[in-house]
Every structure is written in structure tokens, then in C-alpha cells.
Amino acid sequence: MRLCLRPVARSEFDLVSRIQVTPDQIRFSGTVAQAFEEDEEGVDFHAVLDGARAVGFFKTDRLYHETYEFAGADELGLRAFMIHSRDQGKGYATAAVLALKPYLAARYPKRSAVLLTVNMQNPGAIRCYLKGGFADTGGIYPHGLAGPQHILRMGLAAEP
């Protein structure tokens, strides 16, 4: 596995268009096509690559605090994180989450942390995020499209 993360421009839809999750996972992450169809201010796209092949996709939300009151203005939001269904179970998700801290810290140096919400009915994702360095804040976001969600946070500042 030669995993790396990189930004994806809106003009690069073809790079990530083949990434699909199983139908039951769409309620948690949405689809790549939906992400590109939405014109969201402050949202950046990113690919999870194994060599030149895209195996995953996620969005960062620089204006997350405007939608979620639990987020600070200096914190990013992580949204729509997904690994292609054929590549799940191979360690890509955990490796990608572990790579997030240095990647996001370098790309967004003025941000102190990254936050996400993860559905309570998605134990695999919860385990992956916790293994990758996120901490459960103890907070619950009750308004998720698929039900209540845990609020997780990972600091981006360098360790002392």
C-alpha cells in the first residue's frame, strides 16, 4: 500500500468518480457524485490514493462552525469520508485516518483541530476514527440524517 492524501479540484471528478460505497453506507457518507453536485462554500475535496489509484474520498469544511455550534471558528470539519466498497477491509480507512493529522495540519496550518460526527449505528467507522487518533468528545449531535451521532475531535497542533 502506497497511501497518500491529496486535494481534488472540482475539475478532477473523474479521479474519484468510481468510488462507491455499499447502498447501506450511503446514508452515512453520501456519494462522490452528491458531493460534486452540491455547491458548498468553504468545502474542499480530497482523495485517498494507493499509488495513482483513488481508493477513497472526503471533504473538509472550513465553515463547519457555521453549521455546527459545537465547533470553533479555528476548527475544520471532516465530512463524507468514504473508502470504495471493493477496497474496504484492507486497512485503507485506518491508514487514511492516521494520515489525516499531518496532512490537514500542513494544508490548514491555522486550524487547531478537525471535528466530525459519526452515526451511532456505524460502529466500524467509530472504531476506525478512534484508532486513527480521534477522541470522543462525549457530545451527541442529535440531528444527523440517519439518527444521532457521536462528536469526535482530533487536535492538529504539533505534539510538544
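The values are calculated or read from the model by the stated rules, or taken from the named source; none is laboratory data. Just so we're clear, the structure is a prediction, and the values are computed from it rather than from any experiment. Virtual Cβ from ideal backbone geometry, glycine too; neighbours counted across all protein chains shown. When the accessible area is computed, the model is the full protein with side chains, heavy atoms only, and any ligands, DNA or RNA have been set aside. Shrake-Rupley method; radii C 1.70, N 1.55, O 1.52, S 1.80 Å.
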Top-ranked residue of segment 35-71 - restricted to ones that are of a type in the set (A, V, I, L, M) and in a loop (DSSP other than H, G, I, E, B), ranked as least open to solvent (accessible area, probe 1.4 Å): 71
Filter segment 1-34 for residues that are under 12 Å from residue 53 (Cα atoms) and in a helix (DSSP H, G or I); the one that is nearest to the chain's Cα centre (by Cα) is 16
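Let's see how each residue does on (1) farther than 22 Å from residue 34 by Cα; (2) among the aliphatic types (A, V, I, L, M); (3) in contact with a Phe, Trp or Tyr (Cβ under 6 Å, 6 or more places away or on another chain); (4) in contact (Cβ under 8 Å) with a residue 12 or more places away in the chain:
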{"site": "74", "(1), (2), (3), (4)": "yes, no, no, yes"}
{"site": "84", "(1), (2), (3), (4)": "no, no, no, yes"}
{"site": "89", "(1), (2), (3), (4)": "yes, no, no, no"}
{"site": "94", "(1), (2), (3), (4)": "yes, no, no, yes"}
{"site": "98", "(1), (2), (3), (4)": "yes, yes, no, yes"}
{"site": "104", "(1), (2), (3), (4)": "yes, yes, no, yes"}
{"site": "107", "(1), (2), (3), (4)": "yes, no, no, yes"}
{"site": "112", "(1), (2), (3), (4)": "yes, no, no, yes"}
{"site": "120", "(1), (2), (3), (4)": "yes, yes, no, yes"}
